[in-house]
1. Have a look at ALA21, ALA69, HIS107 and report the one farthest towards the positive end of the charge dipole of the chain, computed about the Cα centre with Cβ charges (Lys/Arg +1, Asp/Glu -1).
2. Quick one: if you stick a label point 7 Å off each Cα along the C-beta vector at GLU30 and ARG131, how many nm between them?
3. Mind listing which trypsin sites (Lys or Arg not before Pro) in segment 1-89 are in a DSSP loop and have 11 or fewer other Cβ atoms within 10 Å?
4. For the pair ARG144 and TYR98, how long in nm is the line joining their label points, each one 7 Å along Cα→Cβ?
5. How compact and how long is segment 78-118, expressed as Rg and Dmax of its alpha-carbon atoms in Å?
6. Starting at the first residue of segment 128-144, write each ³J(HN,Hα) from the Karplus equation 6.51 cos²θ - 1.76 cosθ + 1.60 with θ = phi - 60°, in whole Hz, x for Gly and Pro.
7. Can you tell me what share of the DSSP beta bridges in the chain is antiparallel? A percent to the nearest 5 is fine.
8. Dipole of the chain (Lys/Arg Cβ +1, Asp/Glu Cβ -1, origin at the Cα centre): which of ALA57, HIS118, TYR98 lies farthest to the positive side?
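The values are calculated or read from the model by the stated rules, or taken from the named source; none is laboratory data. As the structure is a computational prediction, the values presented were derived from the model and not from experiment. Here the Cβ is made from the backbone with ideal geometry for all residues, glycine too, and neighbour counts use every protein chain on show. Quick note on the areas: whole protein, heavy atoms, side chains included, nothing else; ligands and nucleic acids left out. Shrake-Rupley method; radii C 1.70, N 1.55, O 1.52, S 1.80 Å.
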Amino acid sequence: MDLALREAEAAAASGEVPVGAVLVDGETGEVLARAHNLVEAEKDPTAHAELLAIREAAQRLGAKRLTRADLYVSLEPCPMCAQAIAFARLRRLVFGAYDPKGGGVEHGPRIFAQPTCHHRPEVIGGVQERRAGDLLRAFFRARR
């Protein structure tokens, strides 16, 4: 989670919403990919940290399913990212801050709880929640 939070800090420093993600081989601990939001830089509403990390790891490994991978992300994934996590068949999702407004895992549509969701990763929320939340609050406070 420390690496994901460092990615989130890099996002904030470049004017992006501070969300960072790190994809790790759950069996070896090897970092497969790391990313932070690039929505503003790429003018792409889908350039969320989670999607960028999944894309990078899938290309690196030459696989569309990442069944041994664990995703660490600083914020509860949105519905789009949660569905991508299911499609990629990630083994585990670990996130920092909960997102009552935009989350899609523990809030909103709760993607993994839907009967149409074909894969449900293990989910662990609230890891370093205070640090992740403080980073987000400081970012948005500075923009008000």
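1. Toward the positive end, the furthest listed residue is HIS107.
2. Modelled inter-label distance: 2.6 nm.
3. Sparse-neighbourhood loop trypsin sites (Lys or Arg not before Pro): LYS43, LYS64.
4. 2.1
5. Just the Cα atoms of segment 78-118 yield Rg and Dmax of 9.7, 26 Å.
6. 6, 4, 5, 4, 5, x, 4, 4, 5, 4, 5, 4, 6, 4, 5, 9, 8
7. Within the chain, antiparallel bridges account for around 55 percent of the total.
8. Among ALA57, HIS118, TYR98, the one farthest towards the positive end of the dipole of the chain is HIS118.
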